[in-house]
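Written below as structure tokens is the structure these notes are about.
The values are calculated or read from the model by the stated rules, or taken from the named source; none is laboratory data. Everything quoted here is computed from the prediction, not taken from an experiment. All Cβ positions, glycine included, derive from the backbone under ideal geometry; neighbour counts span all protein chains shown. For accessibility, only protein heavy atoms count, side chains too; no ligands or nucleic acids. Shrake-Rupley method; radii C 1.70, N 1.55, O 1.52, S 1.80 Å.
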Amino acid sequence: MEKLVIIPMPLGQKENHPEISGEIVAALRSCDLFLAERARTFRRFVKPIDPGIQISDLKIVELPKKPTPQEKNAILDLVGEYATVGLVSEAGCPGIADPGHYIVRYAHSNEQSVIPLSGPSSIYLALMASGLNGQQFCFHGYLPRQEAACTRQIVKMEREMKQTRYTQLFMETPYRNNQLMERLLKNLHARTLLHISCALTTEGAFTKTRTVEDWRNRESLNLHKKPCIFAIGS
């Protein structure tokens, strides 16, 4: 490998993707190999981005979420056989809440060019839309699945937010969003600000920041199976 190009992908499915730049289109055409979480999703996004690309000709290797040392070595050995490799995300920016950071580290350790391209990121779009502190913030990724552990994490994040004033951002698997929302409203202080960015860049997108008390007094949202970013602040 001579060059690793880090290529953002769209956040949602639609007929066209105006948020995808010409620079990304050019990168898609130039790569000899792509590293993706799921080849099917990547192919589905590429087709409307550039109909001229022959989907069947794309060389795609899927990245395991938790690769074993043997799987990592096999991927890195394969990467070495290609001149220009593209690291792509399932949605948004690769390397942020995504697998594949060891590919980037490998490129740096071998003095190879690493080229990150700008594109949509649900995390940064949510922070921009939240009205919360954008100077200092902390992204926690996915919260624990078990209720007790999740509750402890929510309480810990709120405590850190109050002590440091850092905005706390986090996410959940879309089919567990409603359960997370219930836990947030149950465990956060009434005056804490809670932000939700839902289905960003798609037709049904919305962004809302309200106090927890205000959220409690309103009709509950149905966030089931909708990609969301949550944030708390003051």
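Could you check region 140-177 and list, in sequence order, the residues that are assigned to a loop (DSSP other than H, G, I, E, B) and either closer than 24 Å to Lys226 by Cα or among the hydroxyl-bearing types (Ser, Thr, Tyr) (or both)?
Hits for region 140-177 are Leu143, Pro144, Arg145, Gln146, Tyr166, Glu172, Thr173.
Give all pairs with beta carbons closer than 9 Å in which a residue from region 220-234 that is more than 12 Å from Leu180 (Cβ to Cβ) meets a residue that is in a strand (DSSP E or B) and open to solvent by 70 Å² or more (accessible area, probe 1.4 Å); count only pairs at least 6 apart in sequence or on separate chains.
Pairs that qualify, where the first residue is more than 12 Å from Leu180 (Cβ to Cβ) and the partner is in a strand (DSSP E or B) and open to solvent by 70 Å² or more (accessible area, probe 1.4 Å), are Ala231/Phe137; Gly233/Phe137.
What number of residues within region 13-44 are modelled with pLDDT under 90 and in contact with a Gly (Cβ under 9 Å, 6 or more places away or on another chain)?
Within region 13-44, residues that are modelled with pLDDT under 90 and in contact with a Gly (Cβ under 9 Å, 6 or more places away or on another chain) number 2.
I'm told Gly52 meets every condition in (1) modelled with pLDDT of 90 or more; (2) assigned to a loop (DSSP other than H, G, I, E, B); (3) among the small types (Gly, Ala, Ser) except one. Can you identify the failing condition by its number?
Answer for Gly52: the failing condition is (1).
Any idea which residue in region 174-217 is farthest from Gly92 (Cα to Cα), counting only those that are loosely packed, with under 14 Cβ neighbours inside 10 Å and either among the hydroxyl-bearing types (Ser, Thr, Tyr) or at pLDDT below 95 (or both)?
Per the stated criteria, the residue is Tyr175.
Of all the residues that make up region 1-26, how many are within 21 Å of Val61 (Cβ to Cβ) and crowded, with 20+ Cβ neighbours inside 10 Å?
Qualifying residue count, region 1-26: 9.
For region 28-41, does any single residue satisfy the condition of being of a type outside the set (Val, Ile, Thr), open to solvent by less than 50 Å² (accessible area, probe 1.4 Å) and part of a helix (DSSP H, G or I)?
Filtering region 28-41 down to residues of a type outside the set (Val, Ile, Thr) leaves 28-40.
From the residues that got through so far, the ones that are open to solvent by less than 50 Å² (accessible area, probe 1.4 Å) too are 28, 31, 33-37, 39.
Next cut, part of a helix (DSSP H, G or I) only: 28, 39.
Yes, region 28-41 contains a residue that is of a type outside the set (Val, Ile, Thr), open to solvent by less than 50 Å² (accessible area, probe 1.4 Å) and part of a helix (DSSP H, G or I).
Please work out which residue is most open to solvent (accessible area, probe 1.4 Å), limiting yourself to region 124-139 and to residues that are small (Gly, Ala, Ser) and part of a loop (DSSP other than H, G, I, E, B).
That would be Gly131.
Yes/no matrix, rows are residues, columns are (1) touching an Asp or Glu at 6+ places or on another chain (Cβ under 9 Å); (2) closer than 28 Å to Gly141 by Cα:
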| residue | (1), (2) |
| --- | --- |
| Lys59 | yes, no |
| Lys65 | yes, yes |
| Thr68 | no, yes |
| Asn73 | no, yes |
| Leu76 | no, yes |
| Ala83 | yes, no |
| Gly95 | no, yes |
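For Ala148, state whether it is in contact (Cβ under 8 Å) with a residue 24 or more places away in the chain and hydrophobic (A, V, I, L, M, F, W, C). Give the steps one after another, and end with the answer.
On the way: in contact (Cβ under 8 Å) with a residue 24 or more places away in the chain: no; hydrophobic (A, V, I, L, M, F, W, C): yes.
No; evaluated as a whole, the condition is false for this residue.
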